[in-house]
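After the structure tokens below, expect a handful of questions from me.
Computed from the coordinates by the stated procedures, all read-outs in this text should not be read as laboratory data. None of these values were measured; they are calculated from a predicted model. No Cβ is skipped: glycine too gets one built from the backbone with ideal geometry, and neighbour counts run over all protein chains shown.
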Amino acid sequence: MTFLEEKSISKAKQDFPNIVRQAANGFEIITTNFKSSNSGKVSIISTELFEEILDRAYKFYPVIEKDPDGNGYTISIEELLIHGDAPTLFNALKDLAENLMEYAQDYLTRIDFFRQIENRKHHYPYLRRIAKHKDINQVMEVIAECHTDLQQAILRQSQKG
């Protein structure tokens with residue numbers, strides 16, 4: 001018994017409107033080129049379901065380092081080899097968010113390049129989460145979702161403004 005049926009590309013082309021409706025209703029449709037041995041499989045799922053999977057499975061766990069001389073903070077996301085620096089925790093988070101947004105744009109523009117680099121190919125799901133946000137404040141909230149100190153820094157800043 002197969003739970004996930006694979007459809008040939010030719011069948012998927014013929015049935016594409018129906019496949020889109022099925023995907024929108026939560027079904028995953030897998031297509032493959034049965035005529036080629038070096039062709040990968042492709043899943044068609046709803047964007048809502050895809051983003052739900054990413055939001056649950058790819059959280060950010062930033063690491064905060066306070067400068068030993070008390071001159072600021074460095075916040076890093078070690079999974080993505082990226083960081084932000086600033087005199088205050090909030091501004092370090094903002095710097096990190098700006099750097100992350102720039103990296104996401106570069107990565108998603110040149111995904112074929114980055115997917116060939118061993119220590120960067122796994123970055124896609126994290127960066128895809130960021131790519132759906134255009135506002136830096138939303139990106140900061142996504143980064144801070146698992147870190148109480150960062151959430152409090154955002155709250156304090158919003159109370160000032």
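For every helix of n ≥ 4 consecutive DSSP H residues, a contribution of -39,500 (n - 2.57) applies; sum these over the chain, divide by its total residues, and give [θ] at 222 nm rounded to the nearest 500 deg cm²/dmol.
-15000 deg cm²/dmol
Which ordering of Asp85, Asp69 is given by a fewest-first count of other beta-carbon atoms within 10 Å? Let's see the in-between values first.
Details: Asp85 17, Asp69 6.
Least crowded to most crowded, the residues run Asp69, Asp85.
Among Ile143, Thr88, His123, whose Cα lies farthest out toward the positive end of the dipole of the chain, if unit charges sit on the beta carbon of Lys, Arg (+1) and Asp, Glu (-1)?
Working it through, the farthest residue towards the positive pole turns out to be His123.
Can you list which of the DSSP-assigned H helices in the chain have a Cα extent of 27 Å or more along the long axis and an average Kyte-Doolittle score of at least -0.5? If you can, show how the numbers build up before the last one.
Numbers: long enough: 89-109 (30 Å, -0.12).
In the chain, the long hydrophobic H runs are 89-109.
Across the Cα atoms of segment 85-152, what radius of gyration and what greatest pairwise Cα-Cα distance (Dmax) are found, in Å?
In order Rg, Dmax, the Cα atoms of segment 85-152 give 12.8, 38 Å.
Which of the aspartates and glutamates could a cross-linker span from Lys132 if the Cα-Cα distance has to be under 17 Å and same-chain partners fewer than 8 positions apart are dropped?
Once the sequence-local aspartates and glutamates are set aside, what remains near Lys132 is Glu48, Glu51, Glu52, Asp55, Glu98, Glu102, Asp106, Glu141, Glu145.
Give, to the nearest whole percent, the P(r) tail of segment 6-45 beyond 11 angstrom, counting all Cα pairs.
On the way: 462 of 780 pairs.
Every Cα pair in segment 6-45 considered, those over 11 Å come to 59 percent.
Please get the size of the charge dipole for segment 1-124, origin at its Cα centre, with Cβ charges of +1 on Lys and Arg and -1 on Asp and Glu, quoted in debye to the nearest 20. Provide the component values of the computation, followed by the final result.
Details: 14 positive and 20 negative charges, 179 e Å.
I would put it at about 860 debye.
Expected output is a single nm value to one decimal: the length gained when fully extending between Thr47 and Gln116, i.e. 0.36 nm times separation in residues minus the C-alpha distance. What is it?
Details: separation 69, 0.36 × 69 = 24.84 nm, distance 2.49 nm.
Roughly 22.4 nm would be gained on extension.
Moving to a separate point now. Give me the Kirkwood hydrodynamic radius of the chain, using the inverse of the mean 1/r over all pairs of distinct Cα atoms, in Å to one decimal. Write out the running numbers ahead of the final one.
Working: mean 1/r = 0.0549 Å⁻¹.
In the chain this quantity evaluates to 18.2 Å.
Among Thr32, Ile45, Phe60, whose Cα sits farthest toward the positive end of the charge dipole of segment 21-60 (+1 at Cβ of Lys/Arg, -1 at Cβ of Asp/Glu, about the Cα centre)?
The residue sitting farthest along the positive end of the dipole is Thr32.
Holding the Cα-Cα limit at 30 Å, pick out from Lys66/Lys160; Lys121/Lys160; Lys134/Lys160 the pairs that are longer than that.
Details: Lys66/Lys160 23 Å; Lys121/Lys160 40 Å; Lys134/Lys160 23 Å.
The answer is Lys121/Lys160.
Oh, and also: Using the 10 angstrom Cβ neighbour count as an exposure proxy, how do Met140, Met101 rank, fewest first? Walk me through the numbers on the way to the answer.
On the way: Met140 23, Met101 18.
So the residues, fewest neighbours to most, are Met101, Met140.
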